[in-house]
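Colleague: Handing you this structure, nothing more for now.
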Amino acid sequence: MRLPLALIAVVVTALVSFAGWWWFNRPIPVGLTFDEPFPSVSFASFRRGQSPITGDYPPPAQVEEDLKSLVGVTKGIRTYTSREGMDVLPALARKHGIEVTHSAWLGKKTDINAKEVQALIKAANANPDVIKRVIVGNEVLLRQDLTPEQLIAYIRQVKAAVKQPVSYADVWAFYLRYPQVADEVDYITIHILPYWEDEPVGVEQSAEHIVKIYRMIQAKFPGKPILIGEAGWPTKGRNRGPAAVNMENAAFFVRTLAKVSKENGFDYNVVEAFDQPWKAKLEGTVGAFWGVVDTHRDVKFGMSGPIQANPNWLIHALAAVVAGSAAALFFLRQAEAYSAGRIIVLAILAQVLATALVWQALNAWWIAYSLFQDGWALARIVLQAVFAWLIFQTAALGLRQDAGAQPNRWGERLTIVYAGCAWAISMLLLFNGRYRDIPNLEFLVPCVGLTAWGLIRMGVQGKGWAEAFAVGHLFAGATPAQLGPAKEMTIGLWIAAAAAPLSEAVALYMGEDFQTMHPDLDQQIPLLANIAVANGEMLVWMAMVMIMSIPFLAEWMLAKKGRAA
């Protein structure tokens, strides 16, 4: 009787899978500690489904609820508009004892600009006890919405009408590029975002970078007060060069910012209080995850102690373990049809596929930011689940001692579909990848699942590597198919794999600051070569694309062998 062995194999592999979930989700020590309120955080009360793009603004009760949650967390807040639901903010800030750096949002539309400026002036004059300083425009020069002369005109208009200090906020490099703007403001507001630099800076070097940039601006504009108007680190999204995105790095950066600023007497504002789902439409996933508080209004990390990136890991682990165990037991209920070794192999494969599927599903759901995105996430999850089932079903039937599996062309078709998607995404990363996600988790099932099945065909069924991995054989049963364009698919995926790290170099080379600071080719080449291999997430994607080319390479080799024979 092999049924007891099957039950033991399923239980043991489930326990190993659960142990893996625990290991990868255990609390991570973050050495720095800084338990003091922030001087200021960027405040926008948008929640899921709300957006300035659609004109769906937060109602007053929501603004107050979010503002109240920041009491004790920060002494002040920075806004980006004086309209769009922010007209109630000064009174609410007074009620809860929070100071405000109020702003006017400027863009290309002069009629909107006029309303913003007037709203800012009105709020500042009516609430001088709460609004301690104002900012006229945010990254207008970066976006090229206005010329420096147009911007200066708005700054002068506000300065003439309010008593509070007046500033303009932009990435630090734009104050160096347009020093005439600094002459007009009472204090300089610069954004220091190591992740977004043309030459991205890793979190370990962030303290040095903050001090370096601050001192550079200080030396260029002596005597001018400086506010670091934005400094932060995202918790989800793509890596950029050495700037890796995760909860641990975000916690380390924010603690570093607080520590360095206190040691050097810097005035700073953390970007941002709450995650902003709507920003994903403009900046990709990474744009939506800069908050120290998530969309459910749960604090992501403290300013001391270890960090746990996924506090709900136990539920997710149980989902993966149960799904894997159920799939294994579905076929192993007929345990007599399998040898002891193949029972163990099937139990392991079930847990591998289930874990890959849950990781993909969690990621797809986490990064969805609208009802449409929910639908798209659900479609991707279902497709991955179908593909995982096809792989496991093929393995379960193919490993039976009385194996007589029928061809499953849907598995073959999905292999081709995912390969085509991998190629397309790699090309998009190469030519326009700054805000585009690196899709490692979206391809776990086709990469890991197919590779595992190919290795099983080699190690357990004793097939040669080409026959074991060939795309026309993986799901074919006793009647393998012949895939015509295997050669073209292989070469295309190899090109896509090469394009992955190259995309990092292309993005760096296209940066204006990079060209200005490194005008000579002999300076540029080492930096471009270094950035191409600095992004570990991108290198993993390159490896995954190469692995996904193996079934097509194997099919190509079999076709060549057949023609030679």
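The values are calculated or read from the model by the stated rules, or taken from the named source; none is laboratory data. Values in this document were obtained by computation on a predicted structure and should not be read as measured data. Backbone-built Cβ (ideal geometry, glycine too); neighbour counts: all protein chains shown.
Colleague: Would you confirm whether or not region 273-288 contains a residue that is modelled with pLDDT of 95 or more, part of a loop (DSSP other than H, G, I, E, B) and of a type in the set (D, E, K, R)?
Modeller: Checked region 273-288: at least one residue is modelled with pLDDT of 95 or more, part of a loop (DSSP other than H, G, I, E, B) and of a type in the set (D, E, K, R).
Colleague: Shifting gears a bit: Select, from ALA379, ALA395, the only residue that is in a helix (DSSP H, G or I), among the small types (Gly, Ala, Ser) and surrounded by 15 or more Cβ atoms within 10 Å (Cβ to Cβ).
Modeller: Working: ALA379 fails: surrounded by 15 or more Cβ atoms within 10 Å (Cβ to Cβ).
Just one listed residue meets the conditions, ALA395.
Colleague: State whether the residues of region 42-57 include one that is surrounded by fewer than 15 Cβ atoms within 10 Å (Cβ to Cβ), in the same structural domain as GLY265 (by TED's automatic domain parsing), within 18 Å of VAL271 (Cα to Cα) and in contact (Cβ under 8 Å) with a residue 60 or more places away in the chain.
Modeller: Within region 42-57, none of the residues are surrounded by fewer than 15 Cβ atoms within 10 Å (Cβ to Cβ), in the same structural domain as GLY265 (by TED's automatic domain parsing), within 18 Å of VAL271 (Cα to Cα) and in contact (Cβ under 8 Å) with a residue 60 or more places away in the chain.
Colleague: Cβ contacts < 6 Å: first residue outside the structural domain of SER69 (by TED's automatic domain parsing), restricted to region 82-110; second residue in a strand (DSSP E or B) and exposed (fewer than 14 other Cβ atoms within 10 Å of the Cβ), any location; separation 6+ or different chain. Result?
Modeller: none
This table checks each residue for (1) of a type in the set (A, V, I, L, M, F, W, C); (2) assigned to a helix (DSSP H, G or I); (3) under 30 Å from ALA323 (Cβ atoms).
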{"site": "ALA19", "(1), (2), (3)": "yes, yes, yes"}
{"site": "THR33", "(1), (2), (3)": "no, no, no"}
{"site": "VAL63", "(1), (2), (3)": "yes, yes, no"}
{"site": "LYS95", "(1), (2), (3)": "no, yes, no"}
{"site": "ILE112", "(1), (2), (3)": "yes, yes, no"}
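Colleague: Identify the residue in region 234-272 that is in a loop (DSSP other than H, G, I, E, B) and among the small types (Gly, Ala, Ser) and, among all such residues, is nearest to LEU441 (Cα to Cα).
Modeller: Residues of region 234-272 that are in a loop (DSSP other than H, G, I, E, B), as a first pass: 234-239, 241-242, 244-246, 265-266, 271-272.
Then keep just the ones that are among the small types (Gly, Ala, Ser); that gives 237, 241, 244, 265.
On the way: GLY237: 12, GLY241: 19, ALA244: 16, GLY265: 42 Å.
Taking the candidates together, the pick is GLY237.
Colleague: Out of curiosity, is LEU390 surrounded by 17 or more Cβ atoms within 10 Å (Cβ to Cβ) and touching a Ser or Thr at 6+ places or on another chain (Cβ under 7 Å)? Step through it out loud before you land on a result.
Modeller: Values: surrounded by 17 or more Cβ atoms within 10 Å (Cβ to Cβ): yes; touching a Ser or Thr at 6+ places or on another chain (Cβ under 7 Å): no.
No; evaluated as a whole, the condition is false for this residue.
Colleague: Taking region 301-316 on its own, how many of its residues are within 21 Å of GLN373 (Cβ to Cβ) and either buried (at least 18 other Cβ atoms within 10 Å of the Cβ) or touching a residue at least 60 places away in the same chain (Cβ under 8 Å) (or both)?
Modeller: Step one: of region 301-316, the residues within 21 Å of GLN373 (Cβ to Cβ) are 310, 312, 316.
Pick out the ones that are also either buried (at least 18 other Cβ atoms within 10 Å of the Cβ) or touching a residue at least 60 places away in the same chain (Cβ under 8 Å) (or both) and you get 310, 316.
The number of residues fulfilling the criteria is 2.
Colleague: If I ask for residues that are surrounded by 22 or more Cβ atoms within 10 Å (Cβ to Cβ), in contact with a Lys or Arg (Cβ under 9 Å, 6 or more places away or on another chain) and under 16 Å from PRO222 (Cβ atoms), which ones from region 153-190 would you list?
Modeller: Residues satisfying the conditions are TYR175, VAL185, ILE188.
Colleague: Further question: Return yes or no: is TRP278 surrounded by fewer than 19 Cβ atoms within 10 Å (Cβ to Cβ), touching a residue at least 60 places away in the same chain (Cβ under 8 Å) and among the aromatic types (Phe, Trp, Tyr)?
Modeller: Considered against the rule, which asks whether it is surrounded by fewer than 19 Cβ atoms within 10 Å (Cβ to Cβ), touching a residue at least 60 places away in the same chain (Cβ under 8 Å) and among the aromatic types (Phe, Trp, Tyr), TRP278 comes out as no.
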